[in-house]
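Nothing in this text is a laboratory measurement; each read-out follows from the coordinates by a stated rule. Fair warning: this is a prediction, and the values are worked out from it, not measured in the lab. Every residue, glycine as well, gets a Cβ built from its backbone with ideal geometry; the counts of neighbours run over all protein chains shown.
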Ligand code: PMP
């Protein structure tokens with residue numbers, strides 16, 4: 001059998017592992033931070049109707065500049081944004097890849113604060129960008145001083161700030177974002193994939209865009225918006241900074257079906273986001289209950305909870321899986337991560353984890 005070793009693969013990709021969240025058909029999947037509530041039926045009907053209409057013109061290429069989608073995303077984000085300040089792609093992963101392609105590359109570097117979203121390092125390596133990680137403060141928090149010191153030390157071409165951070169769930173203060181944006185020489189990306197789950201009233205990095213042409217704020221329809229399968233992520237920033245991404249994207253990267261589906265979902269954004277408060281409530285329930293059981297949950301502004309105090313994460317992961325509940329081992333010793341699901345899914349998780357609790361009561 002041919003192995004990778006036999007192939008003329010790039011040296012810098014040898015020995016690397018692909019993104020690898022397990023995909024298993026289980027009754028309770030709480031491992032990739034999706035919105036586990038199905039999309040409302042009336043929205044589904046509207047999306048189907050729009051996709052059906054788009055099918056009639058699939059003989060033609062789609063709108064390469066996805067103008068209607070840009071307008072709808074600008075309207076959804078508010079903050080006075082206009083379509084020229086919006087970019088979109090097949091998931092925010094692709095948005096981030098476009099940024100790495102345009103602003104990173106050989107001889108350039110990107111900085112993140114570990115532990116953080118595992119795709120950042122993979123996207124960096126895929127684009128030949130050097131990936132540098134700096135540390136965080138206690139409890140995985142990130143203060144302005146710690147973040148700025150790392151930016152000064154490494155002087156990266158791109159800084160990736162994950163707000164709230166995956167896999168820790170920790171919110172990132174607007175003060176840290178502002179301090180990094182002002183200290184960095186290069187592009188500063190604020191990945192707000194989980195922003196809609198933050199405490200109401202939390203300021204978005206979108207409020208910092210004016211006058212900062214190197215600041216980019218990415219979002220996704222995969223999480224709060226309950227649209228992960230459609231693969232739609234997007235970005236807000238300065239029109240020129242956005243325009244640069246057109247140099248690296250593939251022509252017609254957003255299919256007519258994707259654009260139609262996304263427009264359908266955005267036309268019902270209130271309904272698509274209706275479960276966000278409920279999910280936030282389940283997240284609080286998970287944190288409270290895990291602490292009561294003797295685990296060590298971290299502060300979360302997202303739809304998931306990272307918790308420590310797990311003697312044998314592999315064994316707990318397997319015990320839960322045996323009961324049809326899939327959560328996530330994220331490679332931090334003594335820790336596991338779980339997504340806040342529906343009330344019933346959350347109950348199933350909490351009942352199952354109670355069996356492995358460190359201080360059972
Ligand atoms: N950013 C973060 C922090 C994420 O956790 C994820 C998904 N796990 C993404 C970006 C990418 O999501 P998508 O490509 O589905 O938009």
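The relative contact order of the chain, computed from alpha carbon pairs under 8 Å that lie at least 6 residues apart in sequence, is 23 percent. Sorting 130-140, 67-77 by average packing, meaning the other beta carbons within 10 Å per residue, from highest down gives 67-77, 130-140.
Put in line by how crowded their Cβ is, counting other Cβ atoms within 10 Å and starting with the fewest, 330, 242 read 330, 242. In terms of other Cβ atoms within 10 Å, 45, 154, 98 run from fewest to most in the order 45, 154, 98.
Which residues does the label zone of residue 37 cover in the range 332-358, counting backbone N under 14 Å from a point 7 Å along Cα→Cβ? In the range 332-358, the label zone of residue 37 (backbone N under 14 Å from the point 7 Å along Cα→Cβ) covers 340-346.
According to the square roots a ≥ b ≥ c of the eigenvalues of the Cα gyration tensor, what is the shape class of the range 191-286, taking rounded for a/c under 1.5, prolate for a/b larger than b/c otherwise, and oblate for the remainder? It is oblate, given that a/c is not under 1.5 and a/b is not larger than b/c. Using the Cβ-Cβ distance between residue 82 and residue 148 with R0 set to 25 Å, the FRET efficiency from 1/(1 + (r/R0)^6) comes to roughly 0.20.
Rounded if a/c is under 1.5, else prolate if a/b beats b/c, else oblate: with a ≥ b ≥ c from the C-alpha gyration tensor eigenvalues square-rooted, which is the chain? Because its axes are fairly even, with a/c under 1.5, the chain counts as rounded. Site pair residue 277 and residue 240 shows an inter-label distance of 4.4 nm when each label is modelled 7 Å from Cα along Cα→Cβ.
Taking all Cα pairs closer than 8 Å and separated by 6 or more residues, the relative contact order of the range 43-105 comes to 17 percent. A Förster radius of 41 Å, combined with the Cβ-Cβ distance separating residue 56 from residue 351, puts the computed FRET efficiency at roughly 0.25. By the helix-only formula, in which each DSSP H run with n ≥ 4 contributes -39500 (n - 2.57) and the sum is divided by residues, the chain has a 222 nm mean residue ellipticity of -10500 deg cm²/dmol.
Using only Cα atoms, locate the centre of the range 1-67 and the centre of the range 259-308, then give the distance between them in Å, rounded to an integer. If you average the Cα positions of each part, the centres end up 21 Å apart.
Residues 218, 118, ranked from the fewest to the most other C-beta atoms within 10 Å, line up as 118, 218. Take every Cα pair under 8 Å whose residues are at least 6 apart in sequence, average their separation, divide by the length of the range 1-95, and the relative contact order is 11 percent.
A Förster radius of 35 Å combined with the Cβ-Cβ distance from residue 63 to residue 202 puts the calculated FRET efficiency at roughly 0.55.
Fraction of C-alpha pairs exceeding 17 angstrom in the range 13-139: 75 percent, rounded to a whole number.
Multiplying the residue separation of residue 21 and residue 6 by 0.36 nm and subtracting their alpha-carbon distance yields 2.8 nm. Classify the range 115-218 as rounded, prolate or oblate, taking a ≥ b ≥ c as the square roots of the eigenvalues of its Cα gyration tensor: rounded when a/c is under 1.5, otherwise prolate if a/b is larger than b/c and oblate if not. Note, shape of the range 115-218 comes out rounded.
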